[in-house]
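S.K.: Dropping the structure in here first, questions after.
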């Protein structure tokens, strides 16, 4: 298994949960947070699995090719890829503050970067004859984002990537989206809007009455990679405490 962006936040919790669920080895990808990746690796080891650190900038195709090659060699094949890396334009508090630089970066990371990972890892999974890919999406595609339209656009684009490769890779390799709602990661807890009333507002609007920590949603994300989800591909699975009530 490989988890991108596993040095901190949700990615770290997915990597640790995978180890707890019996993953033989876990590829812990990071771009710059090497110390965070080492901490995740220590937790993976403590959970009984073998961590393998992998550094790459996911918007660079050559780096992703190299990472995929290394992952399949060092892990003796990759059964599961969790594409967790994403840019939510966290510091932007209003659409009025949008910049061209932010638009370019969010789209590059959330669409191009994830697509490159799906493309390279998925092609190798096809060669080995099996695999599952889970792209971490967002319920922002349901409601949009007045705060950061580029983020909503990027996550909507991720659906197109997912469905396209689900068709291309079927039936050997499944590709799905797991869409969490709001999660109280360390990064979220540090946001200005979260500290000035938004947390309380969203909690009140969530039928389950709380905003979960990332560890609670690691299991549902991994479900899509499990044998129990063997007939699911090109799908979009939500876990948001009922905030959006998506469906017919």
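S.K.: Round to the nearest 10 and give me the degree value, 0 to 90, for the angle of helix 34-46's Cα axis relative to the longest principal axis of the chain.
M.R.: For 34-46 against the chain, the angle is about 60 degrees.
S.K.: So, one more: Given the options 223, 182, 121, which has the most mean-square fluctuation in a GNM of the chain, springs set between C-alpha atoms less than 10 angstrom apart?
M.R.: 223
S.K.: What whole-number distance in Å separates the alpha-carbon centres of segment 186-242 and segment 113-179?
M.R.: 17 Å
S.K.: If you don't mind, another one. How high is the relative contact order of segment 87-168, given as a whole-number percent (alpha carbon pairs under 8 Å, six or more residues apart)?
M.R.: Relative contact order comes out at 44 percent.
S.K.: Let me ask something else. Using a/c under 1.5 as the rounded threshold, could you call the chain rounded, prolate or oblate? The axes a ≥ b ≥ c are square roots of the C-alpha gyration tensor eigenvalues, and prolate needs a/b larger than b/c, oblate otherwise.
M.R.: Cα axes put the chain in the rounded bin.
S.K.: Another one. Report, in degrees rounded to the nearest 10, the 0 to 90 angle that the Cα long axis of helix 149-169 makes with the longest principal axis of the chain.
M.R.: Computed tilt is about 30 degrees.
S.K.: Hey, another quick one. Rounded to the nearest 0.05, what FRET efficiency do residue 50 and residue 96 give with R0 = 35 Å and r taken as the Cβ-Cβ distance? Could you check?
M.R.: So the FRET efficiency works out to roughly 0.15.
S.K.: Hey, what angle do you get for helix 9-20 against the long axis of the chain, alpha-carbon based, 0 to 90 degrees rounded to 10?
M.R.: The angle comes out near 40 degrees.
S.K.: Tell me, in nm to one decimal, what length is gained between residue 130 and residue 186 on full extension, where the rule is 0.36 nm per residue of separation less the Cα-Cα distance?
M.R.: This chain segment gains 16.7 nm when fully extended.
S.K.: When the chain is treated as a GNM, springs tying every alpha-carbon pair under 10 Å, which of 150, 201, 20 comes out with the largest mean-square fluctuation?
M.R.: For the chain, modelled as a Gaussian network with Cα springs under 10 Å, the answer is 201.
S.K.: Compare 103, 82, 64 in a GNM of the chain, Cα atoms joined below 10 Å, and give the one with the largest fluctuation.
M.R.: Looking only at 103, 82, 64, the biggest GNM fluctuation is shown by 103.
S.K.: Let me have the relative contact order for segment 1-109, percent, based on Cα pairs under 8 Å that are six or more residues apart.
M.R.: This gives 28 percent for segment 1-109.
No value in this document is a laboratory result; all are computed from the given coordinates. Quick caveat: nothing in here was measured; it's all calculated off a predicted structure. For neighbour counting, all protein chains shown are included, and Cβ atoms are generated from backbone atoms with ideal geometry for every residue, glycine included.
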